[in-house]
Amino acid sequence: MIAPARLAEVADGLEAHLCATFGAEVVTKEDSALHRTIAAAFDAAESGRDKAAELASFISLDVPALGLPTGARYLSDYGTTIASTVALPRAWRAPDRAVTRLVVLPHEVGHVDQHRRGVDAGWWPKAVSHSVLYLCSIATDDAAEYLGHVEGDQYGTSEAVSRWLGAKPRPTAEVVDELRRHYALRPAGATVAEATLRSHYATIDDGGVPNVRSARVALAWLEANAPDLRGAVLA
Amino acid sequence: MRRLYPVRAFLALIVALSVVVPVGAALTGCPDWQRPECPTPGVYSCVNDWPQFCAPTKERTPIGDEVCAASGRVCALRADGVAYCARAATDGGAL
């Protein structure tokens, strides 16, 4: 049994190392004006759906739920990365949530790395190519495949860290289903995400680390600085 | 007044283009992710020590963001066709 204070110490050290390596910044979500605005937008979208449902009920039309989080849940339950800034809920700073940070930070900082490296998207500048393709993933198969690629890589990173901490393998179908629901991922994107996860799982099952920079850097740091946590946290 | 007309028309055209073009691009211009073509969707491959997958749009899609050698491994195809980063073969020495 690893003490929560030790887990918090390791999470703080990993966070500092990942930020220094990838040029990322970690902020508290509830303190961010941008994320409070996004939370308000989620509430407004749900409120709009409720009003539409009320009107539609007069003609016996069922308006489906949007599948979006409430504003409060967006702020308190999700880590979110925009450009080089990772926003984490304040509650995750508590020692009893240090494990969440250990698993989520390498995943989110990997998105910072993807943003900073950019991608070949024709005439679009590399500085915005990752973000624009990500946002377009609900509109085109090409962009959906990009989202499947980058999320597949980062869920592979999460899986590698979780297994290093002692967790059992998480079924790839469960991850892909989560991506479909959370990102409204088109079938082409889901196919790429599943193929990507199968490759990373094969590497992990063979005793390796996914060929994702954030996974390699995070696990090398954990091996060097927290060998006591290996297989002893999520078992 | 007649002399002003072409100037106003020109300014109107500039304003229209400066508004309409960016808005139009924003609404319709999702970028294409530039990748090499591949013939058979669903098939994995190793290219320059890097696992790849032929996506549904018939474009060769990288898996991961670096070559397998970065973590001391080598790209290989598993028996079921999945490309991954396998243990690098060790030199057994020579007699």
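The values are calculated or read from the model by the stated rules, or taken from the named source; none is laboratory data. Quantities reported herein were computed from a predicted structural model and do not represent experimental measurements. All Cβ positions, glycine included, derive from the backbone under ideal geometry; neighbour counts span all protein chains shown.
Restricting to the stretch A:133-146, name every residue that is under 17 Å from A:GLY110 (Cα atoms) and either in contact with a Ser or Thr (Cβ under 7 Å, 6 or more places away or on another chain) or buried (at least 20 other Cβ atoms within 10 Å of the Cβ) (or both).
Across the stretch A:133-146, the qualifying residues are A:LEU133, A:TYR146.
For the stretch B:21-30, indicate whether the set of residues that are within 11 Å of chain A (Cβ to nearest Cβ), out of contact with any helix residue (DSSP H, G or I) (no Cβ under 9 Å at 6 or more places or on another chain) and modelled with pLDDT of 95 or more is non-empty.
Taking every residue of the stretch B:21-30 in turn, none turns out to be within 11 Å of chain A (Cβ to nearest Cβ), out of contact with any helix residue (DSSP H, G or I) (no Cβ under 9 Å at 6 or more places or on another chain) and modelled with pLDDT of 95 or more.
Within the stretch A:216-227, can one find any residue that is under 21 Å from A:THR21 (Cβ atoms), surrounded by 21 or more Cβ atoms within 10 Å (Cβ to Cβ), touching a Ser or Thr at 6+ places or on another chain (Cβ under 9 Å) and free of Cβ contacts under 8 Å to residues at least 24 places away in the same chain?
yes
I need a count of the residues in the stretch A:176-200 that are within 26 Å of B:VAL74 (Cα to Cα) and modelled with pLDDT under 95.
Selection size over the stretch A:176-200: 0.
Please work out which residue is surrounded by the fewest Cβ atoms within 10 Å (Cβ to Cβ), limiting yourself to the stretch A:65-102 and to residues that are β-branched (Val, Ile, Thr) and farther than 20 Å from A:LEU147 by Cα.
Within the stretch A:65-102, the subset β-branched (Val, Ile, Thr) is A:70, A:80-82, A:85-86, A:99-100.
So of that shortlist, the ones also farther than 20 Å from A:LEU147 by Cα come out as A:70, A:99-100.
On the way: A:THR70: 13, A:VAL99: 22, A:THR100: 17.
Checked the stretch A:65-102; the qualifying residue surrounded by the fewest Cβ atoms within 10 Å (Cβ to Cβ) is A:THR70.
So, in the stretch A:101-120, how many residues would count as being part of a helix (DSSP H, G or I), of a type in the set (A, V, I, L, M, F, W, C) and either within 23 Å of A:ASP142 (Cα to Cα) or facing chain B (nearest Cβ under 8 Å) (or both)?
Qualifying residue count, the stretch A:101-120: 1.
So, restricting to strands (runs of 3 or more DSSP E) that lie completely within the stretch B:31-87, which ones have at least 3 residues that are touching a residue at least 24 places away in the same chain (Cβ under 8 Å) and facing another protein chain (nearest Cβ under 9 Å)?
Of the strands (runs of 3 or more DSSP E) lying wholly inside the stretch B:31-87, those with at least 3 residues that are touching a residue at least 24 places away in the same chain (Cβ under 8 Å) and facing another protein chain (nearest Cβ under 9 Å) span B:83-87.
Quick check on the stretch A:160-180. Is at least one of its residues surrounded by fewer than 23 Cβ atoms within 10 Å (Cβ to Cβ), over 17 Å from the mean Cα position of the chain (by Cα), within 11 Å of chain B (Cβ to nearest Cβ) and not polar (S, T, N, Q)?
Among the residues of the stretch A:160-180, not one is surrounded by fewer than 23 Cβ atoms within 10 Å (Cβ to Cβ), over 17 Å from the mean Cα position of the chain (by Cα), within 11 Å of chain B (Cβ to nearest Cβ) and not polar (S, T, N, Q), which makes the answer no.
Would you check if A:PRO187 is out of contact with any Asp or Glu (no Cβ under 6 Å at 6 or more places or on another chain), facing chain B (nearest Cβ under 8 Å), surrounded by fewer than 18 Cβ atoms within 10 Å (Cβ to Cβ) and not small (Gly, Ala, Ser)?
yes
Hey, among the residues in the stretch A:190-235 that are within 7 Å of chain B (Cβ to nearest Cβ) and of a type in the set (A, V, I, L, M), which one's nearest to A:ASP113 (Cα to Cα)?
Among them, the one singled out is A:VAL212.
Could you grab the pairs with beta carbons closer than 8 Å, sequence gap of 6+ or different chains, first residue in the stretch A:90-116 and free of Cβ contacts under 8 Å to residues at least 24 places away in the same chain, second one of a type in the set (D, E, K, R)?
Listed by first residue and then by second, the contacts come to A:ALA91/A:ARG97; A:TRP92/A:ARG101.
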